[in-house]
1. Please find, within the stretch A:14-36, the residue that is farthest from A:Leu66 (Cα to Cα) out of those that are in contact with a helix residue (DSSP H, G or I) (Cβ under 8 Å, 6 or more places away or on another chain) and near DNA strand B (Cβ under 9 Å from one of its atoms).
2. Residues of the stretch A:73-101 being away from DNA strand C (no atom under 16 Å from the Cβ), over 21 Å from A:Arg30 (Cα atoms) and open to solvent by less than 70 Å² (accessible area, probe 1.4 Å), which ones?
3. Has the stretch A:2-13 got at least one residue that is near DNA strand B (Cβ under 10 Å from one of its atoms) and buried (at least 18 other Cβ atoms within 10 Å of the Cβ)?
4. Can you tell me which condition A:Arg65 does not meet? The list is (1) within 15 Å of the chain's Cα centre (by Cα); (2) away from DNA strand B (no atom under 11 Å from the Cβ); (3) of a type outside the set (A, V, I, L, M), and all the others hold.
5. Residue pairs, Cβ under 6 Å, 6 or more apart or interchain, first in the stretch A:23-40 and touching a residue at least 60 places away in the same chain (Cβ under 8 Å), second within 6 Å of DNA strand B (Cβ to nearest atom). List them.
6. Restricted to the stretch A:28-65, and to residues that are more than 15 Å from DNA strand C (Cβ to nearest atom) and under 18 Å from A:Leu95 (Cα atoms), which residue is most open to solvent (accessible area, probe 1.4 Å)?
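The values are calculated or read from the model by the stated rules, or taken from the named source; none is laboratory data. For clarity, every value in this text was computed on a predicted model and none was experimentally measured. Heads up, the Cβs are rebuilt from the backbone with ideal geometry, glycines too, and the neighbour counts pull from every protein chain shown. The protein model used for the area step is the full one, side chains on, heavy atoms only, and it has no ligands, DNA or RNA in it. Shrake-Rupley method; radii C 1.70, N 1.55, O 1.52, S 1.80 Å.
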Amino acid sequence: MPENNHRTALYTALAQVPPGRVLTYGQLARLAGRPGAARWAGSVLRQLPEHSQLPWHRVLNAAGRLSLGPGSAGQLQRQRLQDEGVIFTGERVDLTIYGWPPQAV
DNA sequence: GTTCTGACCTGAA
DNA sequence: ATTCAGGCCAGAA
């Protein structure tokens, strides 16, 4: 069953993201070898265990906003990102600056 | 089998 | 900038 394999690929890709950098669900799915499976990436992160050391907080939606509601998890995500030096312009993060991988120019 | 739902994305109006 | 519709993938009812 390749499902597990893809999930592992997603974990690996996510683990490569350095502190202070963020990526979108779509990019994460693409790095996991599944372009277009952004929702799938979200479901994987949702089922992620709490004791996981993966930087799940570095994943935002394409708009640069937190896809978690204003719950405790959302607060935690924002807190951790700010601790890493990510600056929020309002409720949004500039992906052209903090995006990962770096903007291909 | 169909239908809904969700830590989503893109393009068009 | 905001709203809408269509497309994506997977799991639950």
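1. The extreme case among them is A:Gly36.
2. A:Ala73, A:Gly74, A:Gln77, A:Arg78, A:Leu81, A:Glu84, A:Gly85, A:Val86
3. Of all residues in the stretch A:2-13, those near DNA strand B (Cβ under 10 Å from one of its atoms) come to none.
The answer is no, given that none of the residues of the stretch A:2-13 is near DNA strand B (Cβ under 10 Å from one of its atoms) and buried (at least 18 other Cβ atoms within 10 Å of the Cβ).
4. Every listed condition holds for A:Arg65 apart from (2).
5. Going by the 6 Å Cβ cut-off, the qualifying pairs are A:Thr24/A:Ala62.
6. Of everything passing the filter in the stretch A:28-65, A:Trp56 is most open to solvent (accessible area, probe 1.4 Å).
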